[in-house]
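Right, one structure below, let's go through it.
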Amino acid sequence: MILEIVKYGDPVLRRKGKPVGEITDEVRALAADMIETMRAANGVGLAAQQVGIPLQLTVLEVESTEERPSTMSIDGKEADLADWMPMVLLDPKIEPGKEKETASEGCLSFPEITAEIERSLSVKASGRLLDGRPVAFEATGLLARALQHETDHLNGILFIDRMTSATKTSIKAKLKRLERETKDS
Ligand code: ZN
């Protein structure tokens, strides 16, 4: 089922997600619906807050392309990204690497807004998969960026919080309009 994506201005986007706890049929159904919703919106990641549920659950689907390459490795060995996507991560924790890069980023809760955001080039991520198994891996490229963006969502942090003040000023009018539309809907 395709769910409605919550837009900027809805207070649920500012809520910190609760730990998932037991993996029930309800959690599995939510994850499946979120994957369907993310794909329908051509996104590379979606957090539970974005479908109105403050829970530590995110789905990701990143493809490594020449333009925006990504890698994933487990215990130092490179993994085949395609084997892991789409990925459902429960209660994820990340440790961003020191090296940073600035690149263009969008968010399904901010339609038509893209901005340059500084993020770490690599992250160490850990959490649980939908079958309850623990997982730990290192990611680079777009996958590392998506992990940082989505774990921010799970903690009520939005990409506008990561923008420079100049960037935020440049999209101020669009943000105001979006916020108003959300509140009126
Ligand atoms: Zn987002």
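Any read-out appearing in this document is the output of simple, stated calculations on the displayed coordinates, not a laboratory observation. Model, not experiment: these values are computed from the prediction. All Cβ positions, even for glycine, are placed from backbone atoms using ideal geometry, and neighbour counts span all protein chains on display.
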Legend entry - Protection proxy ranking of 42-50, 177-185 - average other beta-carbon atoms within 10 Å, highest first: 42-50, 177-185
Legend entry - Translational diffusion of the chain, µm² s⁻¹ [Kirkwood Rh, Cα pairs; Stokes-Einstein; 37 °C; 0.692 mPa s]: 197 µm²/s
Legend entry - Percent of beta bridges antiparallel (DSSP, region 11-184, rounded to nearest 5): 95 percent
Legend entry - Spatially near lysine pairs across the chain, Cα under 12 Å, sequence gap of 8 or more or different chains: 4
Inset, instruction - Calculate one ³J(HN,Hα) per residue across region 96-110 by plugging θ = phi - 60° into the Karplus curve 6.51 cos²θ - 1.76 cosθ + 1.60, and present them in order as whole Hz with x for glycine and proline. - result: x, x, 6, 6, 10, 8, 9, 8, 6, 9, x, 8, 5, 8, 10
Inset, instruction - Identify, among C107, L129, W84, the residue whose Cα sits farthest towards the positive end of the charge dipole of the chain, taking +1 on the Cβ of Lys and Arg and -1 on the Cβ of Asp and Glu, with the dipole about the Cα centre. - result: C107
Inset, instruction - Find the relative contact order for region 11-184 and round it to a whole percent, using C-alpha pairs within less than 8 Å whose residues are 6+ positions apart. - result: 24 percent
Inset, instruction - Name the long-range amide H neighbours of L55: under 5 Å, sequence gap of 5 or more, or other chain; modelled H, no Pro or chain starts. - result: K18, A48, Q49
Inset, instruction - Quick one, could you list the DSSP H helices from the chain stretching 15 Å or more along their long axis (Cα atoms) with average Kyte-Doolittle hydropathy of 0.5 or above? - result: none
Legend entry - Summed residue charge, Cβ within 12 Å of V20's Cβ, Lys/Arg positive, Asp/Glu negative: 0
Inset, instruction - Using R₀ = 25 Å, calculate the FRET efficiency as 1/(1 + (r/R₀)^6) where r is the Cβ-Cβ separation of E181 and R28; round to 0.05. - result: 0.15
Legend entry - Low-density loop cleavage sites - trypsin sites (Lys or Arg not before Pro) in region 47-98, where at most 16 other Cβ are within 10 Å (DSSP): K98
Inset, instruction - Please report how far the C-alpha centroid of region 53-99 lies from that of region 11-32, rounded to the nearest whole angstrom. - result: 19 Å
